[in-house]
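The values are calculated or read from the model by the stated rules, or taken from the named source; none is laboratory data. Keep in mind that this is a model prediction, so the values were computed, not measured. With ideal geometry, Cβ positions are generated from the backbone for all residues, glycine too; neighbour counts draw on all protein chains shown.
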Amino acid sequence: MGAPEVTKFLTSLAVDGRVAASTQNQALSALLFLYKDVLAIDLPWLDGIVRAKRPERLPVVLTREEVRAVLQSLDGVPRLMACLLYGAGLRVLECCRLRVQDLDFATNQIVVRGGKGDKDRVTMLPGIARAGLLEHLEAVRARHRRDLAAGAGWVELPTALARKYPNAGREWAWQWVFPATRVYRDRLTGQRRRHHLHESVLQRAVKAAVRKAGLAKRASPHTLRHSFATHLLEDGHDIRTVQELLGHRDVSTTMIYTHVLNRGPAAVRSPADRMFGGS
């Protein structure tokens, strides 16, 4: 297969946009691996092929009234989790994987550990969730005590901490803030553990809440994080601060939220509004 054939193959993947850019790049990487590592054939021209770029998509953002309507349509644990997504800018899995020690009620902070890119960051603990979290943790702790009494109460620990601290998996500080309702037995250790609540629970609850609120937007739990960032920028907060709260590596990722500010992209007012006095 020569350069024209490879180029034609990669081009065919993108016909009508039916194949994502990541799929095209994966196919190119597979070809590079085949020639270089399997067939041991050096084809320098393969390195010159331009990789597909992911198209930029604007995020779906809810207004403050729409966020309020969605949150009011939720109850129980999903409502508490949704409050953290909107109030702290958490990703869905970051919220599901919160441990008790990550919540600092004294300083009103949440420590997000091992977020996207395996990075830690600190964000705020919203006051709207404080009382609910304290009440929720009391119920979780009572259930953890029952688990301990039944010979269970273990959770999975990150990296190699289980070898360094063999009993840490039963300590209260390492327990999930949002544990699953069922206990399972780990095949390797035989420990009876609880996993964190599966993200699909929150996804289904938010989808139902959006439908109940009558919104005409395709909103998901991640939309609450988008709304968090946008509303902070609307309130005049520095974009670098928002970048740090979101855990973005590049500020250009955070800049995408400027498109929905009150007066259009980059807060520019339409000349038509100036001419005809539009609001």
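Kindly provide the set of residues from the stretch 168-211 that are in a strand (DSSP E or B) and closer than 14 Å to residue 154 by Cβ, ordered by number.
So the first thing to find is which residues in the stretch 168-211 are in a strand (DSSP E or B), and the list is 176, 179-185, 192-196.
Residues satisfying the conditions are 176, 179, 180, 182, 183, 184, 185, 192, 193, 194, 195, 196.
Screening residue 247 with (1) surrounded by fewer than 16 Cβ atoms within 10 Å (Cβ to Cβ); (2) under 30 Å from residue 157 (Cα atoms) gives one miss only, at (1).
The set of residues from the stretch 74-106 being touching a residue at least 12 places away in the same chain (Cβ under 8 Å), not aliphatic (A, V, I, L, M) and not in a helix (DSSP H, G or I) comprises 89, 91, 97, 99, 104, 105. For the stretch 68-83, a tally of residues being among the β-branched types (Val, Ile, Thr) and within 17 Å of residue 138 (Cα to Cα) returns 1. So if I check each of 66, 138, which one is at pLDDT 95 or above, more than 17 Å from residue 180 (Cβ to Cβ) and crowded, with 19+ Cβ neighbours inside 10 Å? The conditions single out 66.
Would you tally the residues in the stretch 186-201 being over 21 Å from residue 146 (Cα atoms) and surrounded by 15 or more Cβ atoms within 10 Å (Cβ to Cβ)?
Initially, the stretch 186-201 is screened for residues over 21 Å from residue 146 (Cα atoms), giving 187-188, 198-201.
Add one more test, that the residue is surrounded by 15 or more Cβ atoms within 10 Å (Cβ to Cβ), and what stays is 199, 201.
Total meeting the criteria: 2.
Could you check the stretch 148-160 and list, in sequence order, the residues that are out of contact with any strand residue (DSSP E or B) (no Cβ under 7 Å at 6 or more places or on another chain) and either outside any helix (DSSP H, G or I) or within 21 Å of residue 80 (Cβ to Cβ) (or both)? Within the stretch 148-160, 150, 153, 157, 158, 159, 160 meet the criteria. Looking across the stretch 131-142 at every residue that is in contact (Cβ under 8 Å) with a residue 24 or more places away in the chain and over 11 Å from residue 175 (Cα atoms), the one that is nearest to the chain's Cα centre (by Cα) is identified as 133.
Can we say residue 242 is modelled with pLDDT under 95, within 17 Å of residue 59 (Cβ to Cβ), within 18 Å of the chain's Cα centre (by Cα) and surrounded by fewer than 16 Cβ atoms within 10 Å (Cβ to Cβ)?
Numbers: modelled with pLDDT under 95: yes; within 17 Å of residue 59 (Cβ to Cβ): yes; within 18 Å of the chain's Cα centre (by Cα): yes; surrounded by fewer than 16 Cβ atoms within 10 Å (Cβ to Cβ): no.
The answer is no for residue 242.
Considering only residues of the stretch 212-225 that are in a helix (DSSP H, G or I) and out of contact with any helix residue (DSSP H, G or I) (no Cβ under 7 Å at 6 or more places or on another chain), which is surrounded by the fewest Cβ atoms within 10 Å (Cβ to Cβ)?
Keep residues of the stretch 212-225 that are in a helix (DSSP H, G or I), which gives 212-213, 221-225.
Next, from what is left, pick out any that are out of contact with any helix residue (DSSP H, G or I) (no Cβ under 7 Å at 6 or more places or on another chain): 212, 223.
On the way: 212: 13, 223: 23.
Checking each candidate, the answer is 212.
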